[in-house]
1. For T214, T46, give me the order by solvent-accessible area with a 1.4 Å probe, most accessible first, ignoring ligands, DNA and RNA.
2. Considering amide H positions built from the backbone, and no H for Pro or chain starts, which residues 5 or more places from C180, or on another chain, come under 5 Å of its amide H?
3. Taking the Cα centre of the chain as origin, sum charge times position over the Cβ atoms of Lys and Arg (+1) and Asp and Glu (-1), and report the length of that vector in debye to the nearest 20.
4. Could you tell me which residue out of V226, V194, L161 lies farthest along the dipole of the chain toward its positive end? Charges go on the beta carbon: Lys and Arg +1, Asp and Glu -1, centred on the Cα centre.
5. Take every Cα pair under 8 Å in the range 10-214 that's 6+ residues apart, average their separations, divide by the length, and report that relative contact order as a whole percent.
6. Contact order normalised by length for the chain, with contacts defined as Cα pairs under 8 Å and 6 or more residues apart; what percent is it?
7. Taking the dipole about the Cα centre of the range 230-341, with the C-beta of Lys and Arg at +1 and of Asp and Glu at -1, give me whichever of A317, I292, I262 is farthest to the positive side.
8. If you plug each phi of the range 309-317 into the Karplus form 6.51 cos²θ - 1.76 cosθ + 1.60 with θ = phi - 60°, what whole-Hz ³J(HN,Hα) values come out, in order, with x for Gly and Pro?
Amino acid sequence: MEPIPLSGGQLILTNPDDHTLLARDPSLIGGALAHDLDTLQKMRMTCPEVPVGLAAACPPLPEDRDVPLCERYIRTCRAAFKPFVQERPAFYYLHGAENFRALRAAVLAMTDLSGAALMAELPVDADGRMEDGTDVLAAVAVLQRIGVSTIILTAEESQDLTDALRIIAPYARVSLGVRCPAVWLLRDMELPNVELFVPLPHERARRLADLVRTRPHGRTVIPREVDDVALVSDGRDAHFIDWTTGISDEIPCDHELDERLIELEDEAPAAFKLLIEEEEDVITLEENLYMITRPVCLCAQSPELLEKALRVYAGLALYDGTWEQEERILKYFTEKYGLICM
């Protein structure tokens, strides 16, 4: 994961005309963000003192959502993002994803194309969840392990933003920021562990700059929890497991997978071990992601099949050494897909 190459300030500029803020208070400005290629060039000229990133909107999901959806959407994202890569911005800002699985797929697409640093915009709803029901902590757990260096939270209500930050702050191992109406900062709202502020598209940075400069927003610090357990996502919910957690016997990913998952729901193992033996098993896995309510250990003899399963599994998969893989392959799977080696 590449760190975002920011210059230390808390505010991200989003308009070429905001460059005057650099002269007035350069220590406040961390970087600049362009929303198209023409603006990228303008901001590079007007804001040469700071790194300039490029916003990349996640494409709409296809109307035909039959599986295999994930790989199809990754291809769509790659096609949308490819024109940006040759411009070599300092970082990319992924935004506009319709749900968490789409955002994760967009991250995979971008890391397929480029090794540049990534910011990701994460919209949060009430009760610490996204609109699609994904636990915000589960989302952060995945994003911070698959290449995202900074997560920018957005919300329709200020309290939802504060609640989400309280949930994720102890476990986030990446920079946290917010993109919210400037007027919210007048309410003296709590924004624990926030390091960055990004103006909304319709707002200029000047007003936000005045508020960030004069008020102690983002300075509330919630200590990080010690990493004595693994934070794992099943694609929707977050789980904490230790390194000796119980894992089920191998569960074939065949046409009876949904029935097996129901039967195992009340049994003891803390994680399900899913067996991938052929291409069809990957499709079955994706079809039944909504049935998975526990951490998953993926095992496949073929590293190619294991990678295909990792691409469609929306959570953080465990690896327990079944069918030993080469060290370099495990390193790649860990960095690319967040695989957790037990």
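1. Working: T214 105, T46 50 Å².
Largest accessible area first, the list is T214, T46.
2. V198, L200
3. Working: 33 positive and 59 negative charges, 500 e Å.
That gives a dipole near 2400 debye.
4. Comparing the listed Cα positions along the dipole, V194 ranks first.
5. Numbers: 368 pairs, mean separation 39.6, N = 205.
It rounds to 19 percent for the range 10-214.
6. On the way: 702 pairs, mean separation 48.6, N = 342.
For the chain, the relative contact order is 14 percent.
7. Selected residue: A317.
8. Coupling constants for the range 309-317: 5, 5, 5, 8, 6, 7, x, 10, 7 Hz.
The values are calculated or read from the model by the stated rules, or taken from the named source; none is laboratory data. Source: prediction; values computed, not measured. No Cβ is skipped: glycine too gets one built from the backbone with ideal geometry, and neighbour counts run over all protein chains shown. Ligands, DNA and RNA are excluded from the accessible area calculation, which covers all protein heavy atoms including side chains. Shrake-Rupley method; radii C 1.70, N 1.55, O 1.52, S 1.80 Å.
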